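The next block holds one structure in the form of structure tokens; read it before the comments.
The values are calculated or read from the model by the stated rules, or taken from the named source; none is laboratory data. A quick note: this is a predicted structure, and the numbers were derived from the prediction, not measured. Cβ placement follows ideal geometry from the backbone for every residue including glycine, while neighbour counts extend to all protein chains displayed.
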């Protein structure tokens, strides 16, 4: 199993329980976090995405979201090994010509470290403000992905669809990885079909961990399954969500699933997830008094937890 970190202060949401000290961090502090994570052997840094939040959602969701590809460019510049991933890219919000260019450039400049975790998103207001049809986001998504692959892999790219049309397009630089690894986030059948067709990995949201093997079997049973390996990223924070999918209620009513600070219990928990097919995790953070205590926690994970999964 490999271990990921979120870029600190990439988002500020009450639902995720981020501490107040994190909101004061700036670029120099985030550079310290990333350099340390890189040195300690963490696998990937992730950044979420929202462009704007309506007033009605700000109390729970917050309105501070760093732009992922911009942020990951910064992350690339201060690290040497960390993979650079969005969690998640709301793919239909930007045309595939734009998406493909941003991600190809990031991959090229970082020496082949970019990864996209893409989904359709849930916030209809963002689609409305950008002049896009929220009800058609799934159909748009299913054109955007192959259009981006075409742009990354062909010297002269062409694509013809309902939402995307271009012919004999030159688009360089190309990604170092040729085709940037595509992950898909969510639990619905259309998401799992995308994983089967194009996915390097799957990031479940509300799928209970014990259901992951069943879902992986379903993915591999699809007629257009690409036949390659499928990685799975599961955050132990998701263990704090209740079955009713009511985020705030579930976290308050599930103290038994609070972040683990006992090394053996955490090793056992992660071992169980690994046995279910989970290949990557970011570990739920216990309360930290300040930034320095958080950095010490990263050192503890690297010394006492990560060696058991190499």
* Does residue 121 qualify as being touching a residue at least 24 places away in the same chain (Cβ under 8 Å), within 23 Å of the chain's Cα centre (by Cα), closer than 24 Å to residue 187 by Cβ and part of a loop (DSSP other than H, G, I, E, B)? -> yes
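Quick test for you: out of 79, 105, 70, pick the one residue that is within 17 Å of the chain's Cα centre (by Cα) and modelled with pLDDT of 95 or more. Walk me through how you get there before you give the answer.
Values: 79 fails: within 17 Å of the chain's Cα centre (by Cα); 105 fails: within 17 Å of the chain's Cα centre (by Cα).
Unique residue meeting the criteria: 70.
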* Structure fact -> Within the stretch 23-44, the count of residues that are surrounded by 20 or more Cβ atoms within 10 Å (Cβ to Cβ), touching a residue at least 60 places away in the same chain (Cβ under 8 Å) and not in a loop (DSSP other than H, G, I, E, B) comes to 3
* Residues in the stretch 148-160: is at least one in contact with a strand residue (DSSP E or B) (Cβ under 6 Å, 6 or more places away or on another chain), part of a loop (DSSP other than H, G, I, E, B), surrounded by fewer than 22 Cβ atoms within 10 Å (Cβ to Cβ) and without any contact (Cβ under 8 Å) to a residue 40 or more places away in the chain? -> yes
* Restrict the check to the stretch 138-149 and report whether at least one residue is within 17 Å of residue 49 (Cα to Cα) and in contact with a helix residue (DSSP H, G or I) (Cβ under 6 Å, 6 or more places away or on another chain). => yes
* Using beta carbons and a limit of 8 Å, which pairs, at least six apart or on different chains, have the first residue in the stretch 203-219 and under 12 Å from residue 277 (Cβ atoms) and the second one in a helix (DSSP H, G or I) and at pLDDT below 95? -> 204/238; 209/239
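Go through 223, 213 for me and flag whichever is out of contact with any helix residue (DSSP H, G or I) (no Cβ under 6 Å at 6 or more places or on another chain) and not in a loop (DSSP other than H, G, I, E, B).
213
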* Structure fact -> Selection from the stretch 124-146 of residues part of a helix (DSSP H, G or I) and more than 18 Å from residue 190 (Cα to Cα) yields 124, 125, 126, 127, 128, 129
* Asked: Limited to the stretch 93-118, what total is found for residues that are touching a residue at least 40 places away in the same chain (Cβ under 8 Å), out of contact with any strand residue (DSSP E or B) (no Cβ under 9 Å at 6 or more places or on another chain) and either closer than 27 Å to residue 54 by Cβ or surrounded by 24 or more Cβ atoms within 10 Å (Cβ to Cβ) (or both)?
  -> 2
* Asked: Looking at 173, 181, 133, which one is surrounded by fewer than 17 Cβ atoms within 10 Å (Cβ to Cβ), in contact (Cβ under 8 Å) with a residue 40 or more places away in the chain and either more than 20 Å from the chain's Cα centre (by Cα) or closer than 21 Å to residue 225 by Cβ (or both)?
  -> 173
* Asked: Among the helices (runs of 4 or more DSSP H) contained in the stretch 228-310, which hold 3 or more residues that are surrounded by fewer than 18 Cβ atoms within 10 Å (Cβ to Cβ), modelled with pLDDT of 95 or more and over 21 Å from the mean Cα position of the chain (by Cα)?
  -> 263-275, 291-300
* Of all residues in the stretch 185-202, count the ones that are part of a helix (DSSP H, G or I) and free of Cβ contacts under 8 Å to residues at least 60 places away in the same chain. => 9
